[in-house]
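**Student:** Starting off with a structure, shown below.
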Protein chains: 4
Amino acid sequence: MKALVYHGEGRKAWEEKRRPHITTPTDAVVRITTTTICGTDLHILKGDVPTVTEGRVLGHEGVGIVEEVGPAVARLRPGDRVLVSCISADGTCGSCRRGMSSHCTNGGWVLGNTIDGTQAEYVRIPFADTSLYSAPLHVPDDALVMLSDILPTGFECGVLNGHVSPGDVIAIVGAGPIGLATLLTARFYSPSHIIMIDVDDYRLETAKRLGATRAINSAREDPGIRVMELTGGRGVDVAVEAVGIPTTFDICQAVVAAGGHIASIGVFGKSVELHLERLWSRNITITTRLVDTVTTPMLLKMLEAGTLDPRPLATHRFRLDDIVRAYDTFSNAAEEKALKVILASS
Amino acid sequence: MKALVYHGEGRKAWEEKRRPHITTPTDAVVRITTTTICGTDLHILKGDVPTVTEGRVLGHEGVGIVEEVGPAVARLRPGDRVLVSCISADGTCGSCRRGMSSHCTNGGWVLGNTIDGTQAEYVRIPFADTSLYSAPLHVPDDALVMLSDILPTGFECGVLNGHVSPGDVIAIVGAGPIGLATLLTARFYSPSHIIMIDVDDYRLETAKRLGATRAINSAREDPGIRVMELTGGRGVDVAVEAVGIPTTFDICQAVVAAGGHIASIGVFGKSVELHLERLWSRNITITTRLVDTVTTPMLLKMLEAGTLDPRPLATHRFRLDDIVRAYDTFSNAAEEKALKVILASS
Amino acid sequence: MKALVYHGEGRKAWEEKRRPHITTPTDAVVRITTTTICGTDLHILKGDVPTVTEGRVLGHEGVGIVEEVGPAVARLRPGDRVLVSCISADGTCGSCRRGMSSHCTNGGWVLGNTIDGTQAEYVRIPFADTSLYSAPLHVPDDALVMLSDILPTGFECGVLNGHVSPGDVIAIVGAGPIGLATLLTARFYSPSHIIMIDVDDYRLETAKRLGATRAINSAREDPGIRVMELTGGRGVDVAVEAVGIPTTFDICQAVVAAGGHIASIGVFGKSVELHLERLWSRNITITTRLVDTVTTPMLLKMLEAGTLDPRPLATHRFRLDDIVRAYDTFSNAAEEKALKVILASS
Amino acid sequence: MKALVYHGEGRKAWEEKRRPHITTPTDAVVRITTTTICGTDLHILKGDVPTVTEGRVLGHEGVGIVEEVGPAVARLRPGDRVLVSCISADGTCGSCRRGMSSHCTNGGWVLGNTIDGTQAEYVRIPFADTSLYSAPLHVPDDALVMLSDILPTGFECGVLNGHVSPGDVIAIVGAGPIGLATLLTARFYSPSHIIMIDVDDYRLETAKRLGATRAINSAREDPGIRVMELTGGRGVDVAVEAVGIPTTFDICQAVVAAGGHIASIGVFGKSVELHLERLWSRNITITTRLVDTVTTPMLLKMLEAGTLDPRPLATHRFRLDDIVRAYDTFSNAAEEKALKVILASS
């Protein structure tokens, strides 16, 4: 089969690889019909993720058809159309039992990291019964693939951790795919105002089309000052950090109201300064989280019922074997006005 | 009357002051029978709290007898024995209605800060109906006075914010009065292990007498390494910061398990480094809080039922007019083996 | 002034009454600009509510202008436009402090019950600071008056008690004003399906216009069977009882899924049969609640932000002095296709 | 092997049965070292549980040694000492994923019900990885076996569903094994008062030894009246029903305070009268639950830490092959002063 293989910092190729097969009774092999590229894949290519070694097939998002299942797989059969979760969950360890599959003892984020991933014609999925989801009939692949990672990430790490509640005023810092996934799922809880903060006007426009009530371009105005004006000096109930750098975390500290939440989603490469000298008395809650994908069944219901439509996040579409060009587009997201780049097998 | 008056950085005196009277219909005047000194009072004397101006009577903890009530006070009468809460709550603003009286628009921490406090023969208490509590009959003053501040602080900011739950392994960093109040109230939720961390052996011994299952002297061993040994490399479910300096916050970051809580209680004078480069994927919750005293009614029930006994925290006892000497003892806590210093009017 | 006075079972009159005045420092007197009639008022007129005695002015819903305030009222001034809450809350008793003002020791539901109510030109409101709410500028009276009772009732007793969550399938039994208020506020949490059950086709049509995804006329089909068909035999996550009779409570027991909630809102005149022989092992939660109006500030924010519009519930409009005719219409709701009947002072 | 076999209403025998073996890759076979008898086993023998057919080996509680595991069992090996949970959980169905394994699509309560149980020398356990628990080293069998059913049942269905909180006044109706397990685990949350209600003085005495603060013999005094006296007319925050008959459910309705919880644990054979005509406005929560055993890992931690000791519940001890005599004792519990009857293999 063909796959997108990592060959060390800055090097990747779409090349021939041996097709995966069942190695453990709980495995399944899935033929990929749709996959996509994540910001994390770009980090890997920069050499920032030391757990990824040369020869690894990248990718942790995908939709496909079950090709083969191990003898202990009970819930799936060859031919089933499935969503691949970015988190592989053994379903039996202490972490999985408490709903924290991101820290599964035997799984977690392994796809395209410590085992071969989904940017390939076929992928082996461990713990298939608890890591693959039957696809609802009428939901197209390009909507479904958003549930591999970005929608549960925005929802769990941003919306649920941030305790977004009806009537809340919320700010989302970062209008990339994760920030927009947070926006889409924050609306499940009917906040009264959603303020989107980014430096890219195109992304801010997209946010407004998807339901943001205000947009602040932090390259042009000070978001701390602007948010305080908009909220009568009070600040926001929930500030979601969806970038992963000190500057955006600072914005969250500047705009959060007393009693509010800072939900940090971003993948941070360095530490930040936490202003406890000001926040110690402000009754603030700060959360971090690697997505657990425990809400995937609920998000599938929402997709199926039509109350969630993530397709506007798919801005570009390529054939799977054109993936190297897709990487170029995605790496150049601002200029290309790219959010999620869909790769389809046919 | 006599009162302990602040005269600018480093200066205080027990001197004659005009006795307070009712100025607003919701006020009460209380004759103090017992008061105590808080670490915050020492901060004020160092000039660290700019809201406190010269001439201010210090103190925000106390037990006394109602002397006089304003015409709008409905729940109290002269002669009632009462607990003074360190938080004055108007009971009607948005913050009070959501249980966050620490940020009451018209109150909050005002006693011994922006209005005269309890280290005096008499004190005026605003919003008396929602800031004073009828004292249970058989509970002595020196137990009761611990509910003005340290017990609700340890319980709300440490135990509740930290979500201490049955079976949890918890660490409390700082075995001073607040840390020990956290320990006493953490036991309400039956954690399986309570690890106390401090640099003072006397305080650690006290912690063990009050129910700590382990003590770590962080002057002698690395608490990060020791906690990991004790927990099989997992870390603690809840780490409570009860000091207020970068070093102790760092210990919390070092010992918290994936999925765990850091409940920060300390009053911080400067920012800290938050290790998001490590914690971003660890599903951590960090909280700050100024005590709201919403749990005071419950704590009073526990005192009355005998399921809570904070008297071991009272290590020294003085007459109220001997308060200057009491300050000396409390300022020199390590040498004097002082925790809380009780000041009684007779 | 004129007021609608109860004169014992079946008798009422719009007649001259002495205008109310301040009797306690925490009182306010409000000039009513808009009021409405509640199903409870009809119960009172049937003689079903023994706490209501002859001579009582009825009504517990209203919007008006503050005419006069007592000396202890801090948050309101004459001339302020206000919403009258159906619950009067002293804000200081144990019940109020835990957010259960429905059981306020000195208040609760007293208006139009044990003290004179809002179906009058003027009304005295006790504990004004915690029982009246400043009206948002641009929200018209006929939307605002729905927040006196039916919207917080539907939201607190139905939606919050029922734990309506994103993706849930819910059923609301009863499409009268309370059931429809539940429907409007359930949508804050984005359930995937809302099944409305009633015997009145007009009300079911209204429900569909307001967002119900299915309507079942229980006079024509068995709702137990129909709901099981619609849910693949699973039942609903939340069943809201919004009528108050054994038949509708039975429907809830029949349609609720394992692990589900029955949120009972109705005012029951008799006991019901609880099928514990079937439900004991079904992990069911059943709740009852008299509205506490703790969510009124949030609902006001939603009204102001335009994310909630209850005006479709107002089907008829009368002048306040035409109230006897309004009662006729409301008593004959099915034939008149009446939901809420608005009474305006001018 | 030998096993206790059900032969239709009223008939059972300790007789030869074929030893079980692995039939599915996720199975384990366990050699039983300790088992016990549950009230449910007596119900089965009365013919009350139609899912139990003739020839069935009874029993759903046990401790033993893993004899053999299927190829898909990852967490256990032959020789491991294990606790058998009364609930078999596949770990992958929708119910298991939301923590409601009692309603597992492929499991739930099946042991000694629809498949052969633990009152035997060997038992086959389906879904072994998620239905068996490694036994802590130093905890004896007779303590451990209480975690198969009664401790998680009392804790989940009584304490957690009842939301027992620090300072609460609680009543437990029924001082049998389940009621006493509720008492032991309610103490994790430090209620201020625990009122035990039963008709058996011996059981009430046991309750007091285990921490009940009051005992009411409902054969001699009216518990409704007595509880109101004890609580100043307020009632209890939590009333736990631990019997399963209308009389005891009525007691719960009589003693619960406004805003309180009724946690129903009992296995009901008939419906009860729910007094909504009184409770509709009382803000009551009523729950039912079949135990999910999601708290078993936490309870194991408490056992291991020594903060939970259920051994006083073991009143009698027999050899496993003496089980028929053990049934006689347990069936005659009042006269024999029997709570749990331990059956040990050697």
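The values are calculated or read from the model by the stated rules, or taken from the named source; none is laboratory data. Quick caveat: nothing in here was measured; it's all calculated off a predicted structure. Because the Cβ atoms are built from the backbone with ideal geometry, glycine has one as well, and the counts that use them run over all protein chains shown. We work out accessible area using only protein heavy atoms, side chains counted, and drop any ligands, DNA or RNA first. Shrake-Rupley method; radii C 1.70, N 1.55, O 1.52, S 1.80 Å.
**Student:** Among residues belonging to the stretch B:265-279 that are touching a Ser or Thr at 6+ places or on another chain (Cβ under 9 Å) and open to solvent by 20 Å² or more (accessible area, probe 1.4 Å), point out the one that is farthest from the other protein chains (Cβ to nearest Cβ).
**Tutor:** Here the residue is B:278.
**Student:** Name every residue in the stretch A:243-264 that is more than 8 Å from every other protein chain (Cβ to nearest Cβ) and open to solvent by 10 Å² or more (accessible area, probe 1.4 Å), in order of residue number.
**Tutor:** A:243, A:245, A:246, A:247, A:248, A:250, A:251, A:254, A:261
**Student:** Among the residues that make up the stretch B:107-117, is at least one of them surrounded by fewer than 23 Cβ atoms within 10 Å (Cβ to Cβ), acidic (Asp, Glu) and more than 26 Å from residue B:311 (Cα to Cα)?
**Tutor:** Scanning the stretch B:107-117 turns up no residue that is surrounded by fewer than 23 Cβ atoms within 10 Å (Cβ to Cβ), acidic (Asp, Glu) and more than 26 Å from residue B:311 (Cα to Cα).
**Student:** Filter the stretch C:102-134 for residues that are assigned to a loop (DSSP other than H, G, I, E, B) and polar (S, T, N, Q); which is nearest to residue C:48 (Cα to Cα)?
**Tutor:** If we take residues in the stretch C:102-134 being assigned to a loop (DSSP other than H, G, I, E, B) and polar (S, T, N, Q), then C:113 is nearest to residue C:48 (Cα to Cα).
**Student:** Working only within the stretch C:200-223, note down all residues that are more than 20 Å from residue C:312 (Cα to Cα) and of a type outside the set (D, E, K, R).
**Tutor:** Within the stretch C:200-223, C:216, C:217, C:218, C:219, C:223 meet the criteria.
**Student:** Same structure, new question: Please enumerate the residues belonging to the stretch A:102-138 that are within 13 Å of another protein chain (Cβ to nearest Cβ), closer than 24 Å to residue A:78 by Cβ and among the β-branched types (Val, Ile, Thr).
**Tutor:** The answer is A:130, and nothing else.
**Student:** Could you list, in sequence order, all residues of the stretch A:10-40 that are in contact with a Pro (Cβ under 6 Å, 6 or more places away or on another chain) and of a type in the set (D, E, K, R)?
**Tutor:** A:27
**Student:** For residue B:302, work out the one condition from (1) more than 7 Å from every other protein chain (Cβ to nearest Cβ); (2) in contact (Cβ under 8 Å) with a residue 40 or more places away in the chain it doesn't fulfil.
**Tutor:** All conditions are met except number (1).
**Student:** Restricting attention to the stretch B:81-101, which residues are assigned to a loop (DSSP other than H, G, I, E, B) and within 10 Å of chain C (Cβ to nearest Cβ)?
**Tutor:** B:89, B:90, B:91, B:92, B:93, B:98, B:99
**Student:** Determine whether the stretch D:280-290 contains at least one residue that is farther than 23 Å from residue D:143 by Cβ, within 14 Å of chain B (Cβ to nearest Cβ) and either out of contact with any Leu (no Cβ under 8 Å at 6 or more places or on another chain) or open to solvent by less than 40 Å² (accessible area, probe 1.4 Å) (or both).
**Tutor:** Checking the stretch D:280-290: not a single residue is farther than 23 Å from residue D:143 by Cβ, within 14 Å of chain B (Cβ to nearest Cβ) and either out of contact with any Leu (no Cβ under 8 Å at 6 or more places or on another chain) or open to solvent by less than 40 Å² (accessible area, probe 1.4 Å) (or both).
Let's see how each residue does on (1) closer than 30 Å to residue A:301 by Cα; (2) open to solvent by 60 Å² or more (accessible area, probe 1.4 Å); (3) more than 11 Å from every other protein chain (Cβ to nearest Cβ):
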{"site": "D:23", "(1), (2), (3)": "no, yes, yes"}
{"site": "D:32", "(1), (2), (3)": "no, no, yes"}
{"site": "D:41", "(1), (2), (3)": "no, no, yes"}
{"site": "D:71", "(1), (2), (3)": "no, yes, no"}
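**Student:** Looking at C:125, C:197 in this structure, which one is over 30 Å from residue C:19 (Cβ atoms), modelled with pLDDT of 95 or more and of a type in the set (A, V, I, L, M, F, W, C)?
**Tutor:** Unique residue meeting the criteria: C:197.
**Student:** Are any of the residues in the stretch B:310-324 within 14 Å of chain D (Cβ to nearest Cβ) and acidic (Asp, Glu)?
**Tutor:** no
**Student:** Quickly run through the stretch B:254-276 and pick out the residues that are touching a Gly at 6+ places or on another chain (Cβ under 9 Å) and polar (S, T, N, Q).
**Tutor:** B:264
**Student:** Please verify whether residue C:141 is over 16 Å from residue C:267 (Cα atoms) and of a type outside the set (Phe, Trp, Tyr), treating the condition exactly as stated.
**Tutor:** Judged against the criteria, residue C:141 is a match.
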